[in-house]
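Reviewing the structure listed below.
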Amino acid sequence: MFFGVFLFFFASPLFLQTAVAQEITVEADKPGAAIRPTMWGIFFEDINMAADGGLYAELVKNRSFEFNNPLMGWTEHSSVPGNGNILVLNRGAENPDNPRFIRVTHYTDGEYGLSNEGFRGMGIKQGETYHFSIWDRPAAPVALRLELQNPNGQPIGSARLLLNPSTDWKRDTISFTATVTEAKARLYIGFEGQGVVDLDMISLFPQHTWKQRPGGLRADLVQLLADMHPGFIRFPGGCIVEGRDLTNRYQWKKTVGRVEDRKLIMNRWNVEFAHRSTPDYFQSFGLGFFEYFQLAEDIGAEPLPILNCGMACQFNTAEVVPIPDIDPYIQDALDLIEFANGDTSTKWGGLRAAMGHPAPFHLKMMGVGNEQWGPQYVERYKVFTRAIKARYPDIRLVNSTGPDPNGEKFDFLNDTLRKLHADILDEHYYRNPGWFLQNATRYDHYDRNGPKIFAGEYAAQSDKVVSVNNRSNWQCALAEAAFMTGLERNADIVQMASYAPLFAHVDGWQWTPDLIWFDNLRSYGTADYYVQKLFANNKGTAVLPLTRQGSPLTGQDGLYGSACIDSAAREIVIKLVNTTAQPQSLNIRLDGVRKVSSPARAFLLSAARLDAVNTLDNPTAISPVGTSIPSQGKKLASTLAPYTFSVIRIKI
Ligand code: AHR
């Protein structure tokens, strides 16, 4: 159907006769700013169950009993009262990073066992192999009856694992295959006979993770990222970097090395919104800094880690480290560069090699703080910048301009950091669609010689910021597309941009809108996702002037546009956004080219209604439709249907 609509508006002679065509000129012989490979990227934050319960494919929740409530997620099952019990023990002195374990005592009468509910259930697939592992210390031999069960308790996959006696902790494993697909399964562990056994790190992973890595990432979610071909990945946040207070901040050194030694902490989004409280939201750090770097490498994105700069979230405690005590924070930044790039003979480079990656990760940039503001940030900016540049002058630093794109906080940091010659300023905008349309010209007026700009977090809000009523609808996505033509036109100063937040679990989210939604089995990209993907997959190498009556197309008659050249493909790439309810006829004239191949390729993103959305059941309702447009000489005639975003690629 979309194909038909598209053809009608692009090629119908009948239609072209009825509309007055506007002339658009693209000057192919006047390439402007280079478009960096990093231009369109992604921003991953562990919000909305994006890591545990999402990208990190672990199916067992609270696998090491370290949640505040040590048995959260676990249920005891006993067919005869008193035929077993669980004791939570703490070996803090011996293992401060993973202190708790459970001691299960079970007797021969009836059935005794434990089940784990997973992250809002476990997504289990028929025919898939599951790898179970457990740390154990049995006093005598113990047999575990493992079952994947559907919500009615019926088995959908099972195995029997014999644990031999041991005075030391050991790891046992077994794999088994599921017989049924189930989105809300649980894992049951039955204890046979009589005995006492200590247990910890009870884990279940599917075989098919991204790149089949054991203990790896959910393949469908990484695939959605890889398909975007993002130029960079900013991680791990966001407010999660800051923490509600400084003890709750993100500390990268606690997220590398063996997973069982990565100290779990509460996820700050657990308690952020009373109306979206998520009491079972913690960070196991199974997805830690090594995995982030590896993910970046896998999907061809430059890594952009963001580090705490000695400031906790200013919306929460606003706790700061006094400047005389800030050295450990700076050392973390220096050590991270060594971890990413250092020789394997160095302490942190050696750890990277021990984790399986002797080659450097080629870190080139780093963020100092997330969304900080005020003079305290400037003080910390200065000491971090001095220390990092002294040792690593080539690392480019990304700095905060606060939570808003204007106002007192923004003006103060924008002015101050410009005077201090910051490398890259990170701007955040969560605003309504109208703001995005009005701000398509925002960067036309920026100082061309000042710091570069990173549009680090943005998303059009259909309702208002942090409202649960926000929807990733077509109106928002269209406004973002219009705005992004302004980013592209200003690629000399805007060098990176990323939508936020990236992921959300349909049963575990705190913040909406989001780019990609998933449940335990399925996932889909929103309309905004396809806008991002079209920009990133059609980024080109240099900006070309695109004008109507001599001026850039920045909203005249509700039309927005930009153009670039993709010199490797020898193609002109034109992006056009019609934000109106009217079809718009255009004659596109290509100046400065010798010859144009016909037809041009085009990709159209559209929806019948501005409130249209993609859903789990209809995941590609709004997704690009490919077609072609014949050219006549160096001209293309096309009519943009109402409410459409089009990308046209013309071979020259
Ligand atoms: O993207 C959600 C949050 O919005 C981020 O954590 C924070 O940086 C911003 O306030």
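At a glance:
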{"quantity": "Those strands (runs of 3 or more DSSP E) lying entirely in region 95-195 with at least 1 residues aromatic (Phe, Trp, Tyr) and within 30 Å of the chain's Cα centre (by Cα)", "calculated": "129-138"}
{"quantity": "From the options 427, 408, residue that is in contact with a Pro (Cβ under 6 Å, 6 or more places away or on another chain) and under 25 Å from residue 458 (Cβ atoms)", "calculated": "427"}
{"quantity": "Matching residues, region 196-230, being part of a strand (DSSP E or B) and of a type in the set (A, V, I, L, M)", "calculated": "196, 197, 199, 201, 202, 204, 217"}
{"quantity": "Filter result for residue 414 (crowded, with 18+ Cβ neighbours inside 10 Å and farther than 24 Å from residue 528 by Cβ)", "calculated": "yes"}
{"quantity": "Region 12-29, subset out of contact with any Ser or Thr (no Cβ under 6 Å at 6 or more places or on another chain) and of a type in the set (Ser, Thr, Tyr), residue modelled with the lowest pLDDT", "calculated": "12"}
{"quantity": "For residue 171: the one exception among (1) touching a strand residue (DSSP E or B) at 6+ places or on another chain (Cβ under 7 Å); (2) surrounded by 17 or more Cβ atoms within 10 Å (Cβ to Cβ); (3) under 21 Å from residue 286 (Cα atoms)", "calculated": "(2)"}
{"quantity": "Test: residue in region 238-253 that is farther than 30 Å from residue 145 by Cα and in a strand (DSSP E or B)", "calculated": "no"}
{"quantity": "Scope region 372-398; condition closer than 18 Å to residue 322 by Cβ and of a type outside the set (Phe, Trp, Tyr); matching residues", "calculated": "372, 374, 375, 376, 378, 379, 380, 382, 383, 386, 387"}
{"quantity": "Subset of region 546-582 (residues that are surrounded by fewer than 19 Cβ atoms within 10 Å (Cβ to Cβ) and part of a loop (DSSP other than H, G, I, E, B))", "calculated": "549, 550, 555, 567, 568, 569, 570, 580, 581, 582"}
{"quantity": "Residue in region 581-592 that is of a type in the set (A, V, I, L, M, F, W, C) and touching a Gly at 6+ places or on another chain (Cβ under 6 Å) present", "calculated": "no"}
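The values are calculated or read from the model by the stated rules, or taken from the named source; none is laboratory data. For clarity, every value in this text was computed on a predicted model and none was experimentally measured. With ideal geometry, Cβ positions are generated from the backbone for all residues, glycine too; neighbour counts draw on all protein chains shown.
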